[in-house]
Structure formats: structure tokens, C-alpha cells
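The values are calculated or read from the model by the stated rules, or taken from the named source; none is laboratory data. Everything numeric here is computed off the predicted structure, so don't read it as measured data. Note that each Cβ is placed from the backbone with ideal geometry, even for glycine, and that neighbours are counted across all protein chains shown. Heads up: the accessible areas ignore ligands, DNA and RNA and are worked out on the full protein's heavy atoms, side chains in. Shrake-Rupley method; radii C 1.70, N 1.55, O 1.52, S 1.80 Å.
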Amino acid sequence: MDTTNKKRCSWCGDNPLYIKYHDEEWGVPLYNDSKIFELLLLETFQAGLSWITILKKRENFRQEFNNFDYIKISKYSHEKLKKLKLKRRIICNTLKIKAAKTNAIAFINIQKEFGSFSKYIWSFVDYKTIQNNFITESQIPTNTKLSYKISKDLKNRGFKFVGKTIVYAFMQAMGIVNDHTINCFRNEEIAILNSKNRDDF
């Protein structure tokens, strides 16, 4: 990966893990339910923590949570959840670990209702990325009316750890909004990607 002579969002700094995530994943539209659930699980564990903390433990999460298989997670036994609470290689938060199963069940229920979680979540923006063109990161909100609306709906459907700020971070990460600043090389790349006709729905 060429990381030289490129202007980036300043939040990724010079950390190679952050740079790779920024350049290859953050803001790229996700339509695959398995990938979306992976991101949702990681975002809910991020609550109150930094994203780099989650990224560093991402592969540990993958191993402990059956490669983010929401069907398997939805069937976790009480004993399995108790064992996960002792795994220091992930985030040992009892409520968040319980929420992983709760959210997997709610995720599957949405699939049954809408055909896919992707169709459900993208319907909030009429299946089109919101293209923002912020000049500086200080202009980027931590939450919006839309993230509040989605958060409220998710909570009504039984999801946990999906407050409006976590939901906005989720929206940014999965490309519902393009919040790369205009001086970042990825802003234009993702805008071009979003301008192409899609048949994902």
C-alpha cells in the first residue's frame, strides 16, 4: 500500500493500522450483511473507547465471535457468554458481550422483515450515500438528526449500545455518509464510487 504523498483525514495520524483502515475501509459503502454485522458489533464494543483500541483487537474479536457469524452468535449459550466475559483479549464488558447476542437476534429479525439488513439500513438514505464536503474535521458532527432517527428505530427493535453517536460512527464507517474531508484523497474516490450505478438492492 502506497502511503506516501497523500493527504488524509488527520484522525488516522501516522499509525499504520489506522492508515490502512482509513485508506481501504472507512467510508466505503457496505451492502453485505455479514460485513455490516461485523462493523456493527465492533462499533457497539467501541462505546466509550477509542476506535484504534477496537482495531487492535479486531482479529481477537473475529476469533472469539466465530468470524462474526451472527447466526451462531444469536444462539450463544449462557455458558458461552460467561466464557467470553473472561477473555481479556477482547473487551471484557458484561453488558456489551450480552448485547452481541441480543443484537444478532435483532439483526436476523430485520433480515426476515426487509429481506436483508442492508436494505433496511440503506432505506434511511434512499439507498444513496450522503456526500459531505467538510473542510476540517472540527466541522464533522458526532451525531445528527438522522443518526438519532436510526438509533431510535434500532432501539425499538431491541438493539443495545446503539446511541445516536455510535450510530453516526457506524454510518460513517459503512459509507452511509462520506465524511472524508475535502483535502483527503479518499473524499473524491468514494464520491466517484458512489456516483456509479449500483444493483446491490
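Residues checked against (1) within 23 Å of Met171 (Cα to Cα); (2) in contact with a helix residue (DSSP H, G or I) (Cβ under 9 Å, 6 or more places away or on another chain); (3) in a helix (DSSP H, G or I); (4) acidic (Asp, Glu):
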{"site": "Arg8", "(1), (2), (3), (4)": "yes, yes, no, no"}
{"site": "Trp26", "(1), (2), (3), (4)": "yes, yes, no, no"}
{"site": "Leu30", "(1), (2), (3), (4)": "yes, yes, no, no"}
{"site": "Ile36", "(1), (2), (3), (4)": "yes, yes, yes, no"}
{"site": "Leu39", "(1), (2), (3), (4)": "yes, yes, yes, no"}
{"site": "Thr44", "(1), (2), (3), (4)": "yes, yes, yes, no"}
{"site": "Leu55", "(1), (2), (3), (4)": "yes, yes, yes, no"}
{"site": "Glu59", "(1), (2), (3), (4)": "yes, no, yes, yes"}
{"site": "Arg62", "(1), (2), (3), (4)": "yes, yes, yes, no"}
Self-check item: Subset of segment 152-163 [in contact with a helix residue (DSSP H, G or I) (Cβ under 7 Å, 6 or more places away or on another chain), farther than 12 Å from Glu43 by Cβ and either surrounded by 21 or more Cβ atoms within 10 Å (Cβ to Cβ) or not basic (Lys, Arg) (or both)]
Solution: Gly158
Practice problem: Can you tell me which residue within segment 67-78, out of those that are open to solvent by 60 Å² or more (accessible area, probe 1.4 Å) and part of a helix (DSSP H, G or I), is farthest from Ala104 (Cα to Cα)? | Solution: His78
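May I ask you to list the residues in segment 134-178 that are among the aliphatic types (A, V, I, L, M) and under 16 Å from Ile190 (Cβ atoms)?
First, the residues of segment 134-178 that are among the aliphatic types (A, V, I, L, M): 135, 140, 146, 150, 154, 162, 166-167, 169, 171, 173-174, 176-177.
Those that are among the aliphatic types (A, V, I, L, M) and under 16 Å from Ile190 (Cβ atoms): Ile140, Met171, Ala173, Met174, Ile176, Val177.
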Quiz prompt | Residue tally, condition open to solvent by 20 Å² or more (accessible area, probe 1.4 Å) and closer than 17 Å to Thr181 by Cβ, over segment 26-39 | solution = 2
Quiz item: If you check Ser123 against the conditions, is it at pLDDT below 95 and small (Gly, Ala, Ser)?
Solution: no
Quiz prompt | Scope segment 79-117; condition open to solvent by less than 60 Å² (accessible area, probe 1.4 Å), without any contact (Cβ under 8 Å) to a residue 60 or more places away in the chain and of a type in the set (Ser, Thr, Tyr); matching residues | solution = Thr102
Quiz prompt | Verdict on Arg88 being under 27 Å from Ile52 (Cα atoms), at pLDDT below 95 and not in a helix (DSSP H, G or I) | solution = yes
Quiz prompt | Residue match in segment 125-139 (condition: in contact with a Gly (Cβ under 9 Å, 6 or more places away or on another chain) and without any contact (Cβ under 8 Å) to a residue 40 or more places away in the chain) | solution = no
Practice problem: Mind listing whichever residues of segment 40-59 are surrounded by fewer than 17 Cβ atoms within 10 Å (Cβ to Cβ) and either acidic (Asp, Glu) or under 17 Å from Ala104 (Cα atoms) (or both)? | Solution: Glu59
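Just to be sure I understand, how many residues within segment 51-78 are without any contact (Cβ under 8 Å) to a residue 40 or more places away in the chain and either hydrophobic (A, V, I, L, M, F, W, C) or in contact with an Asp or Glu (Cβ under 7 Å, 6 or more places away or on another chain) (or both)?
If we filter segment 51-78 for residues that are without any contact (Cβ under 8 Å) to a residue 40 or more places away in the chain, which is where we start, we get 52-78.
Next, only the ones that are either hydrophobic (A, V, I, L, M, F, W, C) or in contact with an Asp or Glu (Cβ under 7 Å, 6 or more places away or on another chain) (or both) stay: 52, 54-55, 61, 65, 68, 71, 73.
Of the residues in segment 51-78, 8 are without any contact (Cβ under 8 Å) to a residue 40 or more places away in the chain and either hydrophobic (A, V, I, L, M, F, W, C) or in contact with an Asp or Glu (Cβ under 7 Å, 6 or more places away or on another chain) (or both).
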